[in-house]
Structure formats: C-alpha cells, structure tokens
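Report on the following structure.
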Amino acid sequence: MSIGPAIAPTAGLAVATAVSAPQPASDVSITAGQLQAEVTADLAEPVPASAQPSALSAMVSEAVTRQDGLAPLLADLAVAVNAPALPDDARATAVQILSSQTALGADITAEALKSAAQGSGVFLEASVAAAVLAPEQAPPNLQVDLKALLLQLASELAPLIEGPTLTRPAGNAATAAPSRALSSKLEPPVAGGPTAGQPAARATLPQAQTEILARALQDEAQGALARVQLSQAASVPKAGEPTRWLFEIPIATPGGAGIAQFEISRDGRGPSGGGAAEPAWRARFSINVAPSGPVHADVMLGKNRARVTLMAEDAGARQALEAHQAELVAALAAEEGPDVAVRIIGGAPPRPQQPPGQLLDRRS
C-alpha cells in the first residue's frame with residue numbers, strides 16, 4: 001500500500017508554508033502554473049532546522065482560525081458554474097474542482113482511491129519537489145491536484161474583489177456573502193484524532209453582483225485551503241510515531257458532494273514472536289452519506305491478516321452492514337488469506353486522547 005511521497009519535515013514543509021498560506025484576496029497571486037517555480041526557488045535556499053517548528057506553528061495558528069470544510073464550497077461551485085457573473089477562467093477551474101469527486105459505488109477500485117488520495121492536495125509540494133530534484137521523472141499534473149486547483153481558483157477570483165481583505169460586507173443579509181457560525185465548523189484535522197465525514201451541503205451562494213459572488217467563493221476556497229494545510233501539518237513525520245498521512249477527498253453522493261476523511265498510517269511492529277517484524281498498515285476513514293449517516297471504518301493489514309471494524313451511528317445502517325458481513329469477510333480472505341476478522345458495531349468511535357497544547361479552542 002503506497003499513496004504517494006511523504007511530506008518532508010524540512011524543505012518541503014517550508015515550501016508548503018510559504019507557498020500556500022491563506023492570504024487576503026488582494027495578495028493572492030499564486031496559480032498552479034507558478035507553483036513549480038516557487039518550489040524550485042525555495043529548495044535552492046536551505047532553511048535552518050531551527051526555523052521549522054516556528055514556521056509550522058505560525059502556519060497552523062493562522063490556518064486553524066480560517067479552516068472550514070470543502071463541502072460548502074463544492075455545493076456553491078455547482079451553482080456558480082452556471083452563473084453569468086463568474087468569469088470563464090474561474091468557471092473552468094470550478095469545473096475541474098467539481099470533477100475531482102470520487103463515486104463510491106460497487107465498482108470503486110483501489111486504484112481510484114489511490115488517485116484520489118494523491119490528488120487530495122496533501123502531497124502537492126512534496127510531489128513538485130520530487131520532480132524538481134529528479135527532472136527525468138514526469139512532472140505532477142497540477143490540474144488534478146485539489147490544493148493546486150484551490151490556489152488557482154483563489155487567484156482567479158482575487159481581481160474581482162475590491163478591498164484588501166476578505167471581510168464580508170455589512171448590512172443587508174440578502175446581499176452579504178454566506179457565513180457559517182464558528183461553532184458549526186468542523187474540528188480541525190489532528191494526527192491521531194477522530195476522523196469525520198462531511199455530508200453534502202446545500203448551496204448558499206448569493207445571486208448578486210460579481211464581487212459578492214466572488215467574495216463568497218473566495219472565502220470558502222480559503223477555508224478549504226487552510227484545512228488542507230492542517231492536514232499537511234498533521235502528516236509531518238514525528239520521531240517515535242508511526243508514519244501517517246491525513247487527507248480528505250470529495251465523494252459523489254446522491255445528495256451532492258460529500259467529503260471522506262482518511263488517516264493512513266504505517267509502522268514496523270508486527271505480531272509478537274521471533275523473526276523480523278512485518279510492517280503493519282492501518283487505515284481509518286469516515287463518511288457521512290444520507291440516509292446512512294456517519295459510518296466509520298478502522299482497517300488493519302499485516303502479512304496475510306486483516307482486522308476490520310465498522311461503526312455505524314445509525315441503527316439501520318448498522319443492520320445493513322451486518323447483512324453483508326459474510327461477503328466482506330470472504331472478499332478480504334480472497335485477498336489477504338484466511339486470517340480475517342470483521343466486526344460491526346453501533347455508535348461512534350471513541351475519541352483518542354490528545355496531548356495537551358496541540359490546538360486552542362478560540363471560538364468561546
């Protein structure tokens with residue numbers, strides 16, 4: 001199981017911080033086509049090791065106050081692509097972002113999920129840096145990377161917005177850009193923390209002049225970009241901990257575009273006993289699709305063994321999973337061998353204990 005290059009804790013982190021920090025609309029000038037030049041310039045200048053924690057802390061502090069789910073942006077982009085006020089270049093980028101959705105049907109393949117993970121935005125700078133350091137390799141396709149597309153959309157919307165900041169205009173609620181209360185925003189992604197799927201959202205895009213429309217989309221795009229940054233920060237390797245990647249991918253549902261959140265981790269601990277330890281893979285992910293509601297999975301794979309726990313918060317969804325439990329066991333046994341165990345339970349996963357001081361709740 002391999003989903004892409006790991007996020008480097010040194011130069012790659014500095015590149016990610018410098019290139020993609022959320023910015024006021026008037027300062028957004030980075031497009032996907034400029035990203036490789038930015039990465040090349042940053043890699044040419046060594047960054048002192050002592051600067052890395054402060055760069056990471058500054059990026060997380062800024063991003064955590066701005067982050068928001070991608071589902072509201074996808075819902076509004078589905079409306080915006082038909083709005084005459086949206087410029088053609090931004091419309092084309094919106095179409096590309098909407099096409100990044102993965103359909104979770106019976107014919108979903110591992111390769112499709114791998115491609116979705118690689119295009120989630122978490123691996124963007126690492127992929128570009130790898131291409132810069134190895135020019136003989138094919139460069140990454142920035143037009144299928146979610147973070148690159150969000151940067152491009154923000155850049156294309158910026159000239160349409162008057163004023164130096166993203167502050168929403170006061171006054172008539174019917175003409176103001178949509179706003180979601182801070183208390184309703186998702187918890188920021190944290191390494192080892194709970195995963196949560198985002199259900200499809202309803203469009204709230206104002207049918208107004210170009211600046212109001214652009215400001216609403218810009219605000220949502222910046223919130224989604226900040227959330228990708230936090231996923232990148234959560235994916236930075238830490239000494240003594242398993243290698244892990246935290247990312248989100250858009251999924252197509254009957255009710256609209258939802259978001260699945262994944263955490264994939266790998267360590268070298270195998271079953272007890274003699275011999276070399278076999279690496280073990282663990283994948284945790286969550287989706288929230290109507291009418292099933294939140295469903296969570298915890299999958300552990302080792303050499304010729306698999307352990308799967310499925311948790312459904314809705315009783316009907318749990319019963320539906322139980323009805324197909326034997327099929328899942330048989331499918332896993334065909335791939336991993338006979339040492340397979342699948343359990344299906346109700347409720348939500350327990351919240352992992354997080355060390356103090358990681359994030360500060362500034363909503364109250």
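The values are calculated or read from the model by the stated rules, or taken from the named source; none is laboratory data. Note that this is a predicted model, so its numbers are computed, not measured. No Cβ is skipped: glycine too gets one built from the backbone with ideal geometry, and neighbour counts run over all protein chains shown.
Given the residues Asn172, Asn82, which is the only one that is at pLDDT 85 or above, surrounded by fewer than 17 Cβ atoms within 10 Å (Cβ to Cβ) and not in a helix (DSSP H, G or I)?
That would be Asn82, the only listed residue that is at pLDDT 85 or above, surrounded by fewer than 17 Cβ atoms within 10 Å (Cβ to Cβ) and not in a helix (DSSP H, G or I).
Restricting to region 322-348, give me the number of residues that are touching a helix residue (DSSP H, G or I) at 6+ places or on another chain (Cβ under 7 Å) and aliphatic (A, V, I, L, M).
3
Mind counting the residues in region 105-145 that are over 20 Å from Gln261 (Cα atoms) and of a type in the set (Val, Ile, Thr)?
2
Find the strands (runs of 3 or more DSSP E) located wholly in region 257-360 whose residues include 2 or more that are under 30 Å from Lys238 (Cβ atoms), modelled with pLDDT under 95 and not aromatic (Phe, Trp, Tyr), and list them.
Working: elements: 280-289, 293-302, 305-312, 339-346.
So the answer is 280-289, 293-302, 305-312.
Tell me, which residue of region 148-168 that is over 18 Å from Gly223 (Cβ atoms) and not in a helix (DSSP H, G or I) is modelled with the lowest pLDDT?
Selected residue: Pro164.
Given the structure, is Ala90 crowded, with 18+ Cβ neighbours inside 10 Å, in contact with an Asp or Glu (Cβ under 6 Å, 6 or more places away or on another chain) and touching a residue at least 60 places away in the same chain (Cβ under 8 Å)?
Considered against the rule, which asks whether it is crowded, with 18+ Cβ neighbours inside 10 Å, in contact with an Asp or Glu (Cβ under 6 Å, 6 or more places away or on another chain) and touching a residue at least 60 places away in the same chain (Cβ under 8 Å), Ala90 comes out as yes.
I'd like to verify a number: residues in region 213-240 that are outside any helix (DSSP H, G or I) and touching a residue at least 12 places away in the same chain (Cβ under 8 Å), how many?
Looking only at that region, the number is 4.
Which condition from (1) assigned to a helix (DSSP H, G or I); (2) at pLDDT 90 or above; (3) buried (at least 16 other Cβ atoms within 10 Å of the Cβ) is the one that Asp68 breaks?
Single failed check for Asp68: (1).
Look through region 41-54, keep the residues that are assigned to a helix (DSSP H, G or I) and surrounded by 17 or more Cβ atoms within 10 Å (Cβ to Cβ), and return whichever of them is modelled with the highest pLDDT. Full working, then the answer.
Filtering region 41-54 for residues assigned to a helix (DSSP H, G or I) gives 41-43, 51-54.
Now restrict to residues that are surrounded by 17 or more Cβ atoms within 10 Å (Cβ to Cβ): 42-43, 52.
Values: Asp42: 50, Leu43: 47, Gln52: 55.
The qualifying residue modelled with the highest pLDDT is Gln52.
What are the pairs with Cβ atoms under 6 angstrom where one residue, in region 123-138, is over 19 Å from Ser231 (Cβ atoms) and the other, located anywhere, is of a type in the set (Gly, Ala, Ser)? Sequence gap at least six, or different chains.
These pairs meet every condition: Gln137/Ala131.
Does at least one position in region 203-210 carry a residue that is part of a helix (DSSP H, G or I) and either at pLDDT 90 or above or farther than 23 Å from Leu124 by Cα (or both)?
yes
Quick one: how many residues across region 116-147 are in a loop (DSSP other than H, G, I, E, B) and touching a strand residue (DSSP E or B) at 6+ places or on another chain (Cβ under 6 Å)? Lay out the reasoning, then the answer.
Filtering region 116-147 for residues in a loop (DSSP other than H, G, I, E, B) gives 119-123, 134-141, 145.
Filter once more, so that each one left must be touching a strand residue (DSSP E or B) at 6+ places or on another chain (Cβ under 6 Å): 120, 122.
Within region 116-147, residues that are in a loop (DSSP other than H, G, I, E, B) and touching a strand residue (DSSP E or B) at 6+ places or on another chain (Cβ under 6 Å) number 2.
Would you mind stating whether Val95 is β-branched (Val, Ile, Thr), out of contact with any Asp or Glu (no Cβ under 7 Å at 6 or more places or on another chain) and at pLDDT 95 or above?
In short, yes.
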